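Comments concern the structure below.
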Amino acid sequence: MKRFLKENSLSLFFLLIFALALVGQALAGQAKFNDQQLVDGGQPISLVEYVATSDFAVDVAENWQSEYLQFLLFILATVWLVQRGSPESKELGKEGGESDEDQLVGEHARRDSPAWATAGGLRKALLSNSLGWVMGLVFALSWLAQSVAGLAAGNAERLAELRDPESWGGYVTGPEFWSRTLQNWQSEFLAVASMVALSIYLRQRGSAESKPVGSPHDATGVEG
């Protein structure tokens, strides 16, 4: 168990704080929701009831889709684009999909390489792009969930105000949806740009996201 915890500590740490943040969001959201219920003359609801509402679903999905979009774009952009001096970039001159020898596929695969790395055709293509496909799929599903939950929450408000409900197409092309969406996207894009640029000149000793402390500022694709 100790070995498992040590070898998987990075994933487990972030999964733990993710769960804690999600619970915290649910508790804070329930309190805010119940305050509004009292103002509107409604009845408070339990935590279980709140996490099943469209209000909670749209907030969660909205954050998820922006995060997975950030990683999807970063994964794809770093195939072709480079940043001199950043450990977040490939080495200069290695732009593109690289050779089979560089990627250890086909006849260049090692004995401990994944089985599909030695295969050809569809299996190799799927393995070669699997990270991007999965990130893209989660982004698409989260975006769809956000649009459906947001529509439900918005229509509940419209009905309470004696207005006609809105269609899904009208909602996803309207200002409410894109205001919430772009609000998250711009912060994610700025965070990635900051990480790429600041890591050229700044260091964090021992971190895989930083160059070694003594590396020159123009060292590219070097991790600590």
Problem set entry | Number of the condition not met by residue 62 [criteria: (1) open to solvent by 50 Å² or more (accessible area, probe 1.4 Å); (2) closer than 30 Å to residue 132 by Cα; (3) assigned to a helix (DSSP H, G or I); (4) modelled with pLDDT under 95] | (1)
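Have a look at 50, 68 and point out the one that is hydroxyl-bearing (Ser, Thr, Tyr), within 26 Å of the chain's Cα centre (by Cα) and under 30 Å from residue 97 (Cα atoms).
That would be 68, the only listed residue that is hydroxyl-bearing (Ser, Thr, Tyr), within 26 Å of the chain's Cα centre (by Cα) and under 30 Å from residue 97 (Cα atoms).
Mind telling me which of the residues 95, 91 ends up being open to solvent by 70 Å² or more (accessible area, probe 1.4 Å), closer than 29 Å to residue 200 by Cβ, without any contact (Cβ under 8 Å) to a residue 24 or more places away in the chain and assigned to a loop (DSSP other than H, G, I, E, B)?
95
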For this session: For residues that are out of contact with any helix residue (DSSP H, G or I) (no Cβ under 8 Å at 6 or more places or on another chain) and surrounded by 12 or more Cβ atoms within 10 Å (Cβ to Cβ), scanning just segment 16-31, find the one that is farthest from residue 60 (Cα to Cα).
Result: 31
Exercise. Has segment 189-208 got any residue that is under 20 Å from residue 75 (Cα atoms), open to solvent by less than 50 Å² (accessible area, probe 1.4 Å) and in a loop (DSSP other than H, G, I, E, B)?
Worked result: yes
Problem set entry | Residues satisfying the stated conditions in segment 166-188, i.e. open to solvent by 30 Å² or more (accessible area, probe 1.4 Å), within 14 Å of the chain's Cα centre (by Cα) and either under 19 Å from residue 153 (Cα atoms) or not aromatic (Phe, Trp, Tyr) (or both) | 186, 187
Exercise. Does residue 149 meet the test of being part of a loop (DSSP other than H, G, I, E, B), surrounded by 14 or more Cβ atoms within 10 Å (Cβ to Cβ), out of contact with any strand residue (DSSP E or B) (no Cβ under 7 Å at 6 or more places or on another chain) and not aromatic (Phe, Trp, Tyr)?
Worked result: no
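Which of the following residues is part of a helix (DSSP H, G or I), modelled with pLDDT of 95 or more and over 30 Å from residue 207 (Cα atoms): 26, 77?
26
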For this session: Restricting attention to segment 32-59, report how many residues are over 25 Å from residue 182 (Cβ atoms) and open to solvent by less than 30 Å² (accessible area, probe 1.4 Å).
Result: 3
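The values are calculated or read from the model by the stated rules, or taken from the named source; none is laboratory data. Here the structure is a predicted model, which means the values were calculated and not measured. Note: ideal-geometry Cβ built from the backbone for every residue, glycine included; neighbour counts use all protein chains shown. Keep in mind that these areas ignore ligands, DNA and RNA; they rest on the heavy atoms of the full protein, side chains included. Shrake-Rupley method; radii C 1.70, N 1.55, O 1.52, S 1.80 Å.
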